[in-house]
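A quick write-up on the structure given underneath.
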Amino acid sequence: MSRAPRRAAVGAAPSGGRRPADVAVTVGREALGALVALALAVIALRHVIATDRVALLWYDGDSVLLPLVERSLQAGQPFEWAMSPALFFFPELPVYLLCSLVTGTPQQALALNGVLVLLALYALVRAAANELMPSAGRPARIAVSAGALGVVTLLVLTESTATATSLELASLLLTTTYYYGTVLAMLGSAVLVLRAVRLGRASVPLLVTLGLVAVCSTASNPLFVPWSAAPVVVTLVLLALARRVPWRPAGLLAVTVTVASVVGYLLRIPLRPFVSIDPASYVRPSRAGQTLGFFAALTDDRAGSAQGDAGLLLLFAGVLVAIGGTVWAWRVRTARTVLVATVLPVVTVVAVSVGVVVAGSETPRYLQPVVTAPLLALVAVAELTRTAVRRTRVHRRYRGVQATVVVAMAVVLVAGVAVTPATTGAVAAARYTPASCLDRWADGRDVTGVGQFWTVRPLAAHASPGVELLQVRDTFETYPWLVDLGAYRDAEPTFVVVGSRDLWTTAVEDSLGAPATITHCTGFDVYDYAGTAGADVLRRDVVGSADVIRRERGF
């Protein structure tokens, strides 16, 4: 026997598989990447809960939707929810319910949910790196993926206000009701498309998975179509026409996404009772000019601070990376996956930006893909840089770059470890003080009251289980927006929560008479009508109007 075969036999792993040492190294490297991602997620969460942005995470009228759903399920109320056009059935509701099972308060569940979203974002970018950088070493793919999440974390660190109506878009990923599910579905669909393009064929399991993601996402939130389905179809068709992507996989992928999106829309027909407003009502082209002025004003406002300027520059840099990467990939005729990963973010950013203006929408959160879509281009440009430099005479091992990456990851890990105790302590100790005042007034009684949207919803989510709060308009009619109409069945409201910022068409006392008592809390007063004629008026107007709405919806 020659020496070469003998050496090969000695070096081979038992039973022809990978050696345990190689597996351990692989697992260790992936674990390190996951730890860096976790550290970045904790850093982002720490910033949010240490600034005014925490109100948007824990105490905003929209943000407490899923805690209210979980509370309703715990109470055994009929599931008769009046949602927005976004139903949050996939994946937001099941993910939050799982988080609530392992936590003790809504704040803890919402915080855990936010961390999981950023980890999922890392996992999807990591999967994209596998498709875009197949010949690169595993450490390079991990480093690029962690770097992409680092960009998102840097954006979060520039955002600190308590409002959702701003260009602070990255921190919305940590919330449960500002469409993180659609963002993740968008990236997941892109990864599946990249895999099919890299392999040059679209297998049945891949098409089925892509179709299921599109069906479930569209049925839950129609934003999936302009954010993901339409840009994917446009990108594939354009590149197939340019003969840069084979027609067969491109056609199969485009048809799958299109048909699945249509099926998703059809599934919304039986779900119509849960939808409060037709999504078409959000489209107002006549307001396009006002929308441009609105976003110009938001940009000026964002640029009013150093943090805001940094955030805008990062957003702009992400778009430039996508555009520059597209030009570069087109000219050097690189791998088709790299070209798709640069063109798709450009098409997505253009689609959502133009779409928001044409629709006449003044809702900044619809621009969230501007934050996340360029992450694909970032990975693609990293691969372009690696392969382009490798072909030149100046190629070296880049020990300086490697050392920089190692140091950066070490700094992130140290920072993550440093902020973890304070972060976990703040999350564990978080309590909504106004709800505590309401609980003291209730004094352990099972009571039902009413109030307006922005005042009553955080109280309803954080009050003790015996305190039931129903959402009403300023006329004491039921306000069917993000509430369980089943909670109004046979309800007997006896008190009114009057917020300091509420607007009532007619003063509460003029509508219901003088209350038995008035209790003052920070930000609101409790008008107790138990045993008075006002309680009968509440029961008639609130419960009666809810009965009418339920019948109209078919519940």
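The average projected area of segment 192-285, computed from the convex hull of its Cα atoms over all directions, is 6.7 nm². Packing order of peptides 479-486, 174-181, highest average first: 174-181, 479-486 (average count of other Cβ atoms within 10 Å over each peptide's residues). Which percent of the accessible area of segment 34-119 is formed by carbon and sulfur heavy atoms (probe 1.4 angstrom)? Exposed carbon and sulfur together represent 67 percent of the surface. Here segment 205-268 and segment 510-555 have alpha carbon centers that stand 48 Å from each other. Among beta bridges identified by DSSP and lying wholly in segment 418-555, the antiparallel ones come to about 60 percent.
First compute the accessible area of segment 180-312 with a 1.4 Å probe, then give the percent of it belonging to carbon and sulfur atoms. With neighbouring chains kept in place, the figure for segment 180-312 is 69 percent.
The residues packed around Leu187, meaning those with a beta-carbon under 15 Å from its beta-carbon, carry a net charge of +1 if Lys and Arg are +1 and Asp and Glu are -1. Beta-bridge orientation, the chain: approximately 60 percent antiparallel, per DSSP, counting only bridges with both partners inside. Report summary: the helix-based calculation at 222 nm, which adds -39500 (n - 2.57) for every DSSP H run with n ≥ 4 and divides by the residues of the chain, gives -20000 deg cm²/dmol. What a 1.4 Å probe finds exposed on segment 411-555 is 53% carbon and sulfur by accessible area, rounded to a whole percent. All C-alpha pair distances within the chain, sorted into 20 Å bins from zero, spread as 19, 49, 25, 6, 1, 0 percent across the bins. Rounded, prolate or oblate for segment 403-475? Axes are the square roots of the Cα gyration tensor eigenvalues, ordered a ≥ b ≥ c, and the cut-off for rounded is a/c under 1.5. Cα axes put segment 403-475 in the prolate bin. Here the peptides 335-342, 447-454 are ranked by packing, the mean other Cβ count within 10 Å, and the order with the highest first is 335-342, 447-454. Taking N as the residue count of segment 46-182, its C-alpha radius of gyration divided by 2.2 N^0.38 Å amounts to 1.17.
Our coupling estimate for segment 57-70, obtained by passing each phi through the Karplus curve with A = 6.51, B = -1.76, C = 1.60 and θ = phi - 60°, is 6, 10, 10, 7, x, 7, 5, 8, 4, 5, x, 5, 5, 4 Hz, Gly and Pro reported as x.
Judged by the gyration tensor of its Cα atoms, with axes a ≥ b ≥ c, segment 451-555 is prolate; a/c meets the 1.5 cut and a/b is the larger of a/b and b/c.
Applied to segment 460-477, the Karplus parametrisation 6.51 cos²θ - 1.76 cosθ + 1.60 on θ = phi - 60° returns per-residue 3J(HN,Hα) values of 5, 7, 10, 6, 5, x, x, 9, 9, 10, 10, 8, 9, 7, 6, 9, 6, 8 Hz, with x for Gly and Pro. Max-minus-min Cα coordinates of segment 26-71 on each principal axis give 44, 26, 11 Å, with the largest extent listed first. Each peptide among 148-156, 325-333, 401-409 gets the average number of other Cβ atoms lying within 10 Å of its residues, and from highest to lowest they stand as 148-156, 325-333, 401-409.
Helix 138-157 and the longest principal axis of the C-alpha atoms of the chain enclose an angle of approximately 30°. Per-residue surface analysis assigns His520 an accessible area of about 140 Å², computed on protein heavy atoms at 1.4 Å probe radius. Per residue, the chain exposes 44 Å² of accessible surface when a 1.4 Å probe is rolled over the protein heavy atoms with every protein chain present. For the chain, the Cβ-based charge dipole about the Cα centre amounts to some 4780 debye (Lys, Arg positive; Asp, Glu negative; other atoms uncharged). Charged neighbours of Arg489, selected by a Cβ distance under 13 Å, balance to -3 (K, R count +1; D, E count -1). Summing charges over neighbours of Leu65, with a neighbour being any other residue whose Cβ is under 13 Å away from its Cβ, gives -3 when K and R count +1 and D and E count -1.
The values are calculated or read from the model by the stated rules, or taken from the named source; none is laboratory data. Fair warning: this is a prediction, and the values are worked out from it, not measured in the lab. Note: ideal-geometry Cβ built from the backbone for every residue, glycine included; neighbour counts use all protein chains shown. The protein model used for the area step is the full one, side chains on, heavy atoms only, and it has no ligands, DNA or RNA in it. Shrake-Rupley method; radii C 1.70, N 1.55, O 1.52, S 1.80 Å.
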